[in-house]
Amino acid sequence: MFKKVLIANRGEIAVRVMRSLREMGIATVAVYSEADRKALHVRMADEAYCVGPAPSAESYLRAEVILDVARKSGAEAIHPGYGFLSENADFARACEAAGITFIGPKPYAIEAMGEKTRARQLMEKAGVPLVPGTKDAVEDAAEALAIAEKMGFPVLVKASAGGGGKGMRRVDDPAEFVQSFEGARREALSAFGNGDVYVEKYVLNPRHVEIQVLADGHGNVVHLFERDCSVQRRHQKIIEETPCPVLKEETRQRMGQVACDAARAVDYIGAGTVEFLLDANGDFYFLEMNTRLQVEHPITEMITGLDLVRWQVHIAAGHPLDFEQSQVTRRGAAVECRIYAEDPENNFMPSPGPLHVLKTPSGPGVREDGGVYEGGEVTVHYDPMIAKLITWGEDRQHAIERMRRALSEYVVGGIATNIAFHREVLDHPDFVRGEYTTDFVPRWLKEREKPVPRYQLDAELVAVLSAHRRDEALSQGAGVQGGAGAAKSGPGSRWKELGRMRALGR
């Protein structure tokens with residue numbers, strides 16, 4: 001087993017990886033930009049090294065500098081987390097050349113699944129069901145339009161490289177196709193350095209369902225059930241849950257087997273996720289494979305009891321899986337909400353700034369994977385995620401009830417967040433019934449008469465809490481958004497009053 005591992009990332013995922021490494025008795029090495037000098041992952045690591053200025057291209061994406069830090073620190077392996085260099089085949093190859101283990105799949109698998117048109121070709125050979133579309137990138141807009149008209153509108157124009165909704169356009173009208181096609185190419189080139197796009201049929205009102213897989217270097221592949229990631233805004237996941245509330249057991253087993261087949265088709269090693277679209281008839285289609293740890297991996301850990309990071313490390317060290325598919329069991333249900341520093345009242349724009357107050361939830365069945373601390377700061381330079389909030393319950397209703405309770409305990413002062421937005425989603429009848437698709441959030445926001453409330457402590461309360469010990473203030477009253485038991489005067493009563501206002505979206 002490794003004695004020292006470098007985490008080539010920042011924020012909550014760097015902290016999350018360090019926690020498993022520490023449990024395993026493995027020393028940790030952090031890298032940080034000048035903007036992250038006081039970040040939580042830097043404080044938690046055994047060693048930390050600055051790798052450049054704030055811009056990612058000058059720090060977290062500088063593969064040669066990160067490798068140099070690994071050599072200097074004596075790290076035997078590098079865990080890339082997600083984002084940044086996690087799906088960079090050249091970086092994985094450079095690690096191999098330097099004699100440093102890349103905790104992830106081999107470069108071939110990253111390249112094969114990272115280029116979507118190539119991935120579609122490989123999956124077709126493996127018998128994996130695909131959304132109808134072009135097998136290769138299309139360069140000419142007129143040719144692409146002819147293909148789209150033959151498929152029938154609506155269609156999607158999609159970047160061959162990258163992800164996260166960048167370089168993607170839904171087109172409903174042939175008259176808008178050329179403009180959307182060229183726009184997708186420009187965005188893809190800007191985001192990924194690759195302007196190739198392809199065209200596929202748009203599946204109306206699908207659910208986004210993904211399967212977690214684990215594969216070792218000894219030929220063993222297992223799946224760890226599904227996650228429903230259909231609650232999205234701008235093609236970005238917001239809330240994830242497992243199990244999928246509408247998936248039939250027969251379809252679940254079939255999807256799991258197909259995901260394992262997809263992994264075997266590229267000799268996959270490590271933790272990966274095969275994503276599918278599930279239509280109203282229960283048919284599913286391959287979307288893409290993410291060759292890394294997913295943001296939403298904790299809900300899989302909650303229902304299976306498996307530590308995916310620990311298994312990534314074991315597999316990278318050459319150890320086989322010590323269990324078979326028949327031994328993987330699922331217990332209960334889990335939900336994850338992504339807590340962002342963003343302002344729902346201002347079109348969800350990022351809301352960077354100092355965290356004057358931070359009270360995170362806890363209690364039975366609650367897990368908070370955070371990357372910040374009270375007195376720290378959410379910077380303008382990176383993704384505005386504050387944390388991931390995860391709850392487990394004996395069934396779906398129980399998990400949702402716990403999430404509502406946990407959100408009511410979550411207090412962030414100094415910046416706007418999307419906490420109140422999550423509360424509204426969890427209370428929406430469509431979500432409660434489990435009857436939602438990927439268009440649920442945009443449709444709801446369009447129909448919604450009042451603006452989405454921000455969740456932000458006002459200046460008066462921040463001043464009160466900054467002047468008193470947080471525990472002393474909380475002892476006089478419960479959390480924001482309708483907690484009970486507040487005192488009739490003083491900080492506690494002000495706290496309770498604000499809670500009622502936030503719960504009502506005022």
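The values are calculated or read from the model by the stated rules, or taken from the named source; none is laboratory data. Note that this is a predicted model, so its numbers are computed, not measured. Cβ placement follows ideal geometry from the backbone for every residue including glycine, while neighbour counts extend to all protein chains displayed. The area values use the complete protein model at the heavy-atom level, side chains included, leaving out ligands, DNA and RNA. Shrake-Rupley method; radii C 1.70, N 1.55, O 1.52, S 1.80 Å.
Could you give every pair whose Cβ atoms fall below 7 Å, whose first residue belongs to region 260-271 and is free of Cβ contacts under 8 Å to residues at least 12 places away in the same chain, and whose second residue is surrounded by fewer than 24 Cβ atoms within 10 Å (Cβ to Cβ) and not aromatic (Phe, Trp, Tyr), counting only separations of at least 6 or pairs across chains?
Pairs found: none.
Would you confirm whether any residue within region 24-40 is open to solvent by 50 Å² or more (accessible area, probe 1.4 Å) and in contact with a helix residue (DSSP H, G or I) (Cβ under 8 Å, 6 or more places away or on another chain)?
Taking region 24-40 and keeping what is open to solvent by 50 Å² or more (accessible area, probe 1.4 Å), we get 25, 34, 37-38.
Now narrow it down to the ones that are in contact with a helix residue (DSSP H, G or I) (Cβ under 8 Å, 6 or more places away or on another chain): none.
For region 24-40, residues open to solvent by 50 Å² or more (accessible area, probe 1.4 Å) and in contact with a helix residue (DSSP H, G or I) (Cβ under 8 Å, 6 or more places away or on another chain): absent.
Yes or no: Ser326 in contact (Cβ under 8 Å) with a residue 40 or more places away in the chain and open to solvent by 10 Å² or more (accessible area, probe 1.4 Å)?
Details: in contact (Cβ under 8 Å) with a residue 40 or more places away in the chain: no; open to solvent by 10 Å² or more (accessible area, probe 1.4 Å): yes.
So Ser326 does not fit the description; no.
Do we find that Gly193 is touching a His at 6+ places or on another chain (Cβ under 8 Å) and either buried (at least 20 other Cβ atoms within 10 Å of the Cβ) or not assigned by the TED database to the domain that holds Cys260 (or both) in this structure?
Details: touching a His at 6+ places or on another chain (Cβ under 8 Å): no; either buried (at least 20 other Cβ atoms within 10 Å of the Cβ) or not assigned by the TED database to the domain that holds Cys260 (or both): yes.
Criteria not met by Gly193.
For region 289-311, enumerate the residues that are over 21 Å from Arg233 (Cα atoms) and open to solvent by 10 Å² or more (accessible area, probe 1.4 Å).
Arg292, Glu301, Met302, Thr304, Gly305, Leu306, Asp307, Arg310, Trp311 - these are the residues of region 289-311 that are over 21 Å from Arg233 (Cα atoms) and open to solvent by 10 Å² or more (accessible area, probe 1.4 Å).
Report the residue count in region 233-265 for those that are more than 21 Å from the chain's Cα centre (by Cα) and either under 23 Å from Ile419 (Cα atoms) or among the β-branched types (Val, Ile, Thr) (or both).
Qualifying residue count, region 233-265: 3.
Would you pick out the residues in region 3-23 that are surrounded by fewer than 20 Cβ atoms within 10 Å (Cβ to Cβ) and under 18 Å from Phe102 (Cα atoms)?
Those that are surrounded by fewer than 20 Cβ atoms within 10 Å (Cβ to Cβ) and under 18 Å from Phe102 (Cα atoms): Lys3, Lys4, Ser20.
For region 424-441, which residues satisfy the criterion of being more than 19 Å from the chain's Cα centre (by Cα) and over 16 Å from Arg227 (Cβ atoms)?
Passing the criteria: Glu424, Asp427, His428, Pro429, Asp430, Val432, Arg433, Glu435.
Just checking, does region 171-184 include any residue being out of contact with any helix residue (DSSP H, G or I) (no Cβ under 8 Å at 6 or more places or on another chain), closer than 27 Å to Ala262 by Cβ and buried (at least 20 other Cβ atoms within 10 Å of the Cβ)? Even if it seems obvious, please write down each step before you answer.
Taking region 171-184 first, the residues out of contact with any helix residue (DSSP H, G or I) (no Cβ under 8 Å at 6 or more places or on another chain) are 172-173, 175-176, 179-180, 183-184.
Then drop every residue that is not closer than 27 Å to Ala262 by Cβ, which leaves 184.
Pick out the ones that are also buried (at least 20 other Cβ atoms within 10 Å of the Cβ) and you get 184.
For region 171-184, residues out of contact with any helix residue (DSSP H, G or I) (no Cβ under 8 Å at 6 or more places or on another chain), closer than 27 Å to Ala262 by Cβ and buried (at least 20 other Cβ atoms within 10 Å of the Cβ): present.
Condition check ((1) touching a His at 6+ places or on another chain (Cβ under 7 Å); (2) among the β-branched types (Val, Ile, Thr); (3) open to solvent by 10 Å² or more (accessible area, probe 1.4 Å)) across all residues:
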{"site": "Lys201", "(1), (2), (3)": "no, no, yes"}
{"site": "Leu204", "(1), (2), (3)": "no, no, yes"}
{"site": "Leu214", "(1), (2), (3)": "no, no, no"}
{"site": "Phe225", "(1), (2), (3)": "no, no, yes"}
{"site": "His235", "(1), (2), (3)": "no, no, yes"}
{"site": "Glu241", "(1), (2), (3)": "no, no, no"}
{"site": "Lys248", "(1), (2), (3)": "no, no, yes"}
{"site": "Thr251", "(1), (2), (3)": "no, yes, yes"}
{"site": "Ala263", "(1), (2), (3)": "no, no, no"}
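Suppose we keep only residues that are open to solvent by less than 10 Å² (accessible area, probe 1.4 Å) and of a type in the set (Gly, Ala, Ser) within region 414-440. Which one would you say is farthest from Ala341 (Cα to Cα)?
Selected residue: Gly434.
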